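All remarks here apply to the structure that follows.
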Amino acid sequence: MKCFLFIPENDLEDQISKNICWNLRKVSLAKVYFFHPHYIQELKKQDYPEIKSDITLPSIFQLFPKVIEWYRMIRTLRRRRRFRETIILIGHKTCLLLWIFFLIQKKPIFIWITRQFNQTFSWFDYYFTKYLTQSFLTNDQYLNHYLRQKNQASYFIGNVLSDLVQPIEFPFIHGKKPIYSFFPSIDRFEFDFELILKLFPDFADMMNGYYLMVIPPGQKTMQAITAIASRLGWNLSKSLEGEILEGYLWKNPYYINLTLFQSETLVQSDLILSMDDLYTIQAVGINKKVIPLDRNHPQEMFVYLKNTNNFYEYNNFLKSRFGTSGTIERIAAYLLWGVVEDQRFLRNKTTPN
């Protein structure tokens, strides 16, 4: 029976790990364990056991949580040396490869997740992944091409981020109008939100439809929305679709609905205008039409709307780089039986075998 130890870096990688584990257990009796290096998460209730060590330190160390975190990681991983298991690291921090190799004395399978278009891959990243990994899987075809040119064992797995998009649970009551959705960045929400409100009247005059904006949860978010909208002359009202909408903003004759449901919005939208690279990658993976919203050049959005050639070229570029959904099954098959190549992602590529 095969045994796997998943080491996800953050919440996003943790979701990917859980989906891979579900597929592993669906087709095999493989044992699966988790270890979170930067935070403790109880997964036993979900039938995903977390490995951990009982740590007893003087109370003075409670003032230094980072020290406890690193001590916990070192102590826990050192005890995995005697276990016969395949280690899977998911994320993009290559420094963890050195710790894993030093503490466990094994080379992990590294699943590199690109979530930003300009995500860097440094000289150190290259050498760490070349000499400290058993194999390298990535959702970025351009990075895969770069590494194969340097004769590194790299495999393109496709758009793993789009596999996190959940099926529709709540349909939006849009009539027969096309759905146009705005995705501001979570990290820079207030700036993006204000910019979208300034651009929205010109967009609505050009594109008639049902308008949505995905917002992050929290009371502070609604306070920021109220303050910014009021300053720009917009009003916030409650919606009759209370289960799926947090309300809507209006300024005659314009309106835009606010929702927390990211997956439902991605799946149901006819056109997505995104200021967050993660949502853009996910949208392309489920074959949605995407227009980028550049903070420095926001008016370029209208160039894409008017020039269909630029619009289709941009979407084809993203598809060729990140692929489409269906990646989780491919990763599970690779872990169980070896390399699985999908011709949908390999044709028309110049990467060497």
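The values are calculated or read from the model by the stated rules, or taken from the named source; none is laboratory data. What you see is a predicted model, and the numbers here were worked out from it, not measured in a lab. Heads up, the Cβs are rebuilt from the backbone with ideal geometry, glycines too, and the neighbour counts pull from every protein chain shown.
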In region 116-145, which residues are closer than 21 Å to Ser162 by Cβ, out of contact with any His (no Cβ under 8 Å at 6 or more places or on another chain) and either among the charged types (D, E, K, R) or in a loop (DSSP other than H, G, I, E, B) (or both)? Gln116, Phe117, Asn118, Asn139, Asp140
Counted residues in region 59-86 being among the hydrophobic types (A, V, I, L, M, F, W, C) and either in a loop (DSSP other than H, G, I, E, B) or within 25 Å of Ile331 (Cα to Cα) (or both) come to 3
Just need a number here: residues in region 315-327 that are closer than 14 Å to Thr138 by Cα, modelled with pLDDT of 90 or more and either surrounded by fewer than 20 Cβ atoms within 10 Å (Cβ to Cβ) or touching an Asp or Glu at 6+ places or on another chain (Cβ under 8 Å) (or both). 3
How many residues are under 16 Å from Pro184 (Cα atoms) and of a type outside the set (S, T, N, Q) if we restrict to region 221-233? 5
Criterion (part of a helix (DSSP H, G or I) and loosely packed, with under 15 Cβ neighbours inside 10 Å) met by exactly one of Ala227, Ala204: Ala227
His174 passes all but one of (1) exposed (fewer than 15 other Cβ atoms within 10 Å of the Cβ); (2) in contact with a strand residue (DSSP E or B) (Cβ under 6 Å, 6 or more places away or on another chain); (3) over 30 Å from Cys21 (Cα atoms); which number fails? (1)
Out of Leu89, Leu161, sole residue that is surrounded by 22 or more Cβ atoms within 10 Å (Cβ to Cβ), touching a Gly at 6+ places or on another chain (Cβ under 8 Å) and not in a loop (DSSP other than H, G, I, E, B): Leu161
So which residues in region 239-250 are of a type in the set (Gly, Ala, Ser) and either surrounded by 20 or more Cβ atoms within 10 Å (Cβ to Cβ) or not in a loop (DSSP other than H, G, I, E, B) (or both)? Gly247
Filter region 1-36 for residues that are over 23 Å from Arg82 (Cβ atoms) and among the basic types (Lys, Arg) and give the result. Lys18, Arg25, Lys26
Would a scan of region 63-80 turn up a residue that is touching a strand residue (DSSP E or B) at 6+ places or on another chain (Cβ under 8 Å) and at pLDDT below 90? yes
Which residues, taken from region 239-271, are among the hydrophobic types (A, V, I, L, M, F, W, C) and more than 23 Å from Lys220 (Cα to Cα)? Leu266, Val267, Leu271
Single unsatisfied condition, Phe35 versus (1) closer than 22 Å to Val165 by Cα; (2) at pLDDT 75 or above: (1)
Note on region 203-227: residues closer than 16 Å to Tyr254 by Cα and of a type outside the set (Ser, Thr, Tyr) are Phe203, Ala204, Asp205, Met206, Met207, Asn208, Gly209, Leu212, Met213
Residue list for region 304-341, filter: more than 23 Å from the chain's Cα centre (by Cα) and under 30 Å from Lys26 (Cα atoms): Leu336, Trp337, Gly338, Val339
